[in-house]
Amino acid sequence: MKIVVIQGPNLNMLGHREQNIYGPMKLEDIHKQMQNFAEQNKVEIEFFQSNLEGEIVDRIQECMGEANGIIINPAAYTHTSIAIRDAISAVQIPTVEVHLSNIYAREEFRKTSLTAPVCAGQISGFGPFGYHMAMIAITQIMNEVHAMQEAQKAQMAQQSLKNS
Ligand code: DQA
């Protein structure tokens, strides 16, 4: 099973940008922790960061047939991008949205997420630990989906035995 982690604009600046809001941790250190969690839980993981909306849409589309789960922090595009929302909705892959800061405790324009309604859920306000929580959530969802698919397969096999 595979998780793709997608990071939006300016998240490559973590550790430098507004440390009072986003903290001192760099994106690569957050990714190292996620990589460790993935190894411990025997899931594959891949990381992608882009400052460009179209590239994020392309990466979400590429997840089809490749990923079983997506973790995304669309950053500023959370509040503006119908294109990213539509891409998440189109691929039908369980997706967890993460924000380092509590977007509901900040400026008015950050209180709306266009992407959250098409995600399985949203984690906001726990800093880098939010990505760890997202790993737990997406692993759980992927396991549930996998178990459901296996049960369906077994049921179909039983049915075709009956019919033969
Ligand atoms: C953010 C919150 C967004 O409002 C902001 O534009 C970001 C980061 C977060 O992780 O808290 O770039 O997504």
Open item on the list: Going by what's in this entry, would ARG17 be described as of a type in the set (Lys, Arg), within 23 Å of PHE126 (Cβ to Cβ) and surrounded by 15 or more Cβ atoms within 10 Å (Cβ to Cβ)?
Closed with: no
Open item on the list: When you check MET13 against the structure, is it of a type outside the set (D, E, K, R) and more than 23 Å from LEU114 (Cβ to Cβ), yes or no?
Closed with: no
- [ ] Please identify the pairs in which a residue from region 1-22 that is of a type in the set (S, T, N, Q) has its Cβ atom under 9 Å from the Cβ atom of a residue that is assigned to a helix (DSSP H, G or I) and within 9 Å of the ligand (Cβ to nearest atom), counting only partners at least 6 apart or on another chain.
- [x] GLN7/ALA75; ASN10/ALA75; ASN10/ALA76
Task: TYR77 vs. criteria part of a helix (DSSP H, G or I), over 20 Å from MET13 (Cβ atoms), among the aromatic types (Phe, Trp, Tyr) and within 15 Å of the ligand (Cβ to nearest atom) - done: no
Open item on the list: Anything in region 101-128 that is in a helix (DSSP H, G or I) and either near the ligand (Cβ under 9 Å from one of its atoms) or over 16 Å from ILE6 (Cα atoms) (or both)? List them, or say none.
Closed with: ILE103, TYR104, ALA105, GLU108, PHE109, ARG110, PRO117
- [ ] Could you please find all residues in region 43-74 being over 12 Å from the mean Cα position of the chain (by Cα) and in contact (Cβ under 8 Å) with a residue 60 or more places away in the chain?
- [x] VAL43, GLU66
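Residue by residue, here is whether (1) within 16 Å of the ligand (Cβ to nearest atom); (2) loosely packed, with under 15 Cβ neighbours inside 10 Å holds:
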| position | (1), (2) |
| --- | --- |
| LEU27 | yes, no |
| PHE37 | no, no |
| ILE45 | no, no |
| SER50 | yes, no |
| GLN61 | no, yes |
| SER81 | yes, no |
| ARG85 | yes, no |
| THR95 | yes, no |
| HIS99 | yes, no |
Open item on the list: Going by what's in this entry, would ILE56 be described as among the hydrophobic types (A, V, I, L, M, F, W, C), touching a strand residue (DSSP E or B) at 6+ places or on another chain (Cβ under 8 Å) and part of a helix (DSSP H, G or I)?
Closed with: yes
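Any read-out appearing in this document is the output of simple, stated calculations on the displayed coordinates, not a laboratory observation. The model shown is predicted, which means the values in this text are computed figures rather than measured ones. Positions of Cβ are backbone-derived with ideal geometry, glycine not excepted, and every protein chain shown enters the neighbour counts.
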